[in-house]
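Structure record follows, encoded as C-alpha cells.
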Number of protein chains: 2
Amino acid sequence: MSEHAPAPGRVDRESRLAHGDHEALRLWLRLLTCSSLVEASVRSQLRRDFNCTLPRFDLMSQLERHPEGLRMGELSRRMMVTGGNVTGIADQLVKEGLVTREAPPDDRRAFVVKLTPAGRKAFLRMAGAHEAWVARLFAGLPAVERRQLHALLAKLKDSVTASARSEAA
Amino acid sequence: MSEHAPAPGRVDRESRLAHGDHEALRLWLRLLTCSSLVEASVRSQLRRDFNCTLPRFDLMSQLERHPEGLRMGELSRRMMVTGGNVTGIADQLVKEGLVTREAPPDDRRAFVVKLTPAGRKAFLRMAGAHEAWVARLFAGLPAVERRQLHALLAKLKDSVTASARSEAA
DNA sequence: CCGCGATGCTTCAGGGTTAATATATTCACC
DNA sequence: GGTGAATATATTAACCCTGAAGCATCGCGG
C-alpha cells in the first residue's frame with residue numbers, strides 16, 4: 001500500500017502493488033497514474049467545453065508555435081506518434097477548416113500543414129482554458145516542489161531516452 | 001528549450017514550449033513525455049517478445065495479485081479505464097484461454113474474472129522481463145532521486161485527485 | 001410484494017494508435 | 001544521367017478507449 005494514506009474508498013492502478021515489489025516498478029506505476037489522471041481530466045474538459053480531442057488540440061498547439069507551418073513528419077516527431085496517425089488527425093482538421101495542407105515547392109513528397117485563421121482563433125480560445133485547468137490540477141503542489149519535480153523528470157527523461165535508444169535485450 | 005541540453009537532433013513534445021510559457025504547463029508536458037517514453041518502450045518490447053499488449057498485461061497483472069478473482073467493475077477501477085473497455089479485453093483473454101469469467105452465486109449481474117493456470121504461467125513469464133525493462137529504463141536515476149521522485153509524485157497525485165474531484169468550472 | 005432508483009455489465013459509434021505495407025520522390029554515387 | 005538506398009507520406013488491419021445507451025438484476029421503502 002501507499003505510505004501516503006489514500007482516501008478510504010480509493011482504488012486505482014497502484015493499489016495492486018504489495019510492499020515486496022521492486023521500487024522501480026512502483027515508481028513507474030505512480031508516474032503512469034499521475035499522467036493518466038491529468039490526461040483524463042484534460043481530455044474530458046476539452047470534450048465537454050470545446051468538443052475537441054487531445055490529439056487535435058496537440059496538433060494545433062504545435063502549429064500555433066510555428067506560423068510557417070510544419071511538415072507531417074515534423075508533427076509526427078513532436079507529437080510523439082507515428083506518421084500514419086498524424087495523417088488521420090490532420091485529415092479531420094482539414095475537413096473542419098482548421099488547418100491547411102500545402103505542397104511545398106522544394107519537395108513534392110512532403111506536405112506543409114498550417115493553421116487557418118479560424119483554426120488559430122479556435123486554438124487560442126481553447127489554450128487559455130487548457131492552461132487554467134492544468135494550473136489548477138497542479139496547484140496542490142507548492143512551487144518549490146513543482147520545480148524539484150520538473151528537474152527530476154528531466155533526469156528521468158534522459159535515463160529513459162538513453163536506455164530506450166539501446167533497446168535490444 | 002530545456003535547460004538540460006537535449007541531444008542535437010532530438011525533438012519531442014516539449015520542444016514546442018518557449019520559455020515564456022507557464023511552468024505548470026511545462027511540468028505537465030514533461031510528465032507526459034516521460035510517461036509516453038516509458039510506455040512506448042514497454043509496449044514495443046511486450047509486443048516483440050511476447051506478442052502481448054499493455055492492457056492485456058495490465059489486466060492479468062491485477063488478477064495475479066487477486067487469486068480469488070476480480071469483478072469486471074473492480075478491474076475497471078484498478079486499470080483506470082471504462083467498463084466497456086474491460087469487457088473487450090477480457091473477451092480476448094477468455095478466447096485465448098488465459099482467464100475465466102465465472103458467475104458468482106450471490107449476484108447474477110456480476111462476473112468474476114480469474115487467471116487460468118495457463119494465464120498465470122504466461123503472466124509470470126512476462127512479469128519477470130517487464131520488471132527488468134522498467135528497472136533498466138529508470139537505472140540512470142540514482143536511488144535517492146528515485147525516492148524523491150516517488151514522494152513528489154505522491155503529492156502530485158493527491159493534488160490532481162483533489163482538483164479533479166471538484167471538476168465543474 | 002411491488003415499484004423504482006441504483007448497480008453491473010454489455011453494446012455500439014466514433015476516435016486514437018501502432019506496425020506493416022505501399023507509393024512517390026529525393027539524393028548520393030557512379 | 002541512371003540506379004538504388006533513403007525519405008515523406010498514405011493506407012490498412014487490429015487493437016485500445018471513451019461516452020452514451022440499453023438490459024438485467026439488486027435492494028429498499030412503502
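Bear in mind these aren't lab numbers, they're just calculated from the coordinates by the rules spelled out. Predicted model, so just to flag it, every value in this text is computed and none were measured. Neighbour counts are summed over all protein chains in view; Cβ atoms, including those assigned to glycine, are modelled from backbone coordinates with ideal geometry.
Number of Lys-Lys pairs in the protein assembly as shown under 21 Å by Cα, sequence gap 8 or more or different chains?
On the way: A:LYS95/A:LYS114; A:LYS95/A:LYS121; A:LYS155/B:LYS155; A:LYS155/B:LYS157; A:LYS157/B:LYS155; A:LYS157/B:LYS157; B:LYS95/B:LYS114; B:LYS95/B:LYS121.
For the protein assembly as shown, qualifying lysine pairs total 8.
Closest approach of a chain B beta carbon to the axis mapping chain B onto chain A (residue, whole Å): B:SER35, 2.
For chain B, the fraction of alpha-carbon pairs lying more than 26 Å apart is 46 percent, rounded to a whole number.
Short version: what are the Cα gyration tensor semi-axes of the range B:46-95, square root of 5 times each eigenvalue, largest first, in whole Å? Mind dumping the intermediate values first?
Working: eigenvalues 63, 32, 20 Å².
Equivalent-ellipsoid dimensions as semi-axes: 18, 13, 10 Å.
With label points set 7 Å from Cα along Cα→Cβ, the inter-copy distances at A:THR116 are 5.3 nm, sorted shortest first. What separates the B:MET80 label point from its copies, with the point 7 Å along Cα to Cβ, is 1.4 nm, written shortest first. Starting from the label point of A:PRO105 at 7 Å along Cα→Cβ, the same points in the other copies fall at 8.2 nm, in ascending order.
Our coupling estimate for the range B:23-28, obtained by passing each phi through the Karplus curve with A = 6.51, B = -1.76, C = 1.60 and θ = phi - 60°, is 6, 5, 5, 5, 4, 4 Hz, Gly and Pro reported as x.
In peptide A:74-80, how many Cβ atoms from other protein chains are near each Cβ within 10 Å, on average? The partial results should precede the final answer.
Working: counts 1, 0, 0, 6, 6, 4, 9.
Per residue, the average neighbour count from other chains is 4.
Using the rule -39500 (n - 2.57) for each DSSP H run of four or more residues, divided by the residues of chain B, the 222 nm mean residue ellipticity is -21000 deg cm²/dmol. Under 16 Å from a label point set 7 Å out along the Cα-to-Cβ vector of A:ALA103, the amide N atoms of the range A:41-77 belong to A:72.
For the range A:100-116, putting each phi into the Karplus relation 6.51 cos²θ - 1.76 cosθ + 1.60 with θ = phi - 60° gives couplings of 10, 10, 10, 8, x, x, 8, 8, 7, 7, 8, 9, 10, 9, 9, 6, 7 Hz, in residue order, rounded to whole numbers and with x for Gly and Pro. The mean number of partner chain beta-carbon atoms within 10 angstrom of a residue's beta-carbon across peptide B:41-48 is 2.
When both the range A:16-92 and the range A:97-143 are represented by their alpha-carbon centers, they are found 13 Å apart. Dividing the convex hull volume of the alpha carbon atoms of the protein assembly as shown by its residue count gives 166 Å³ per residue.
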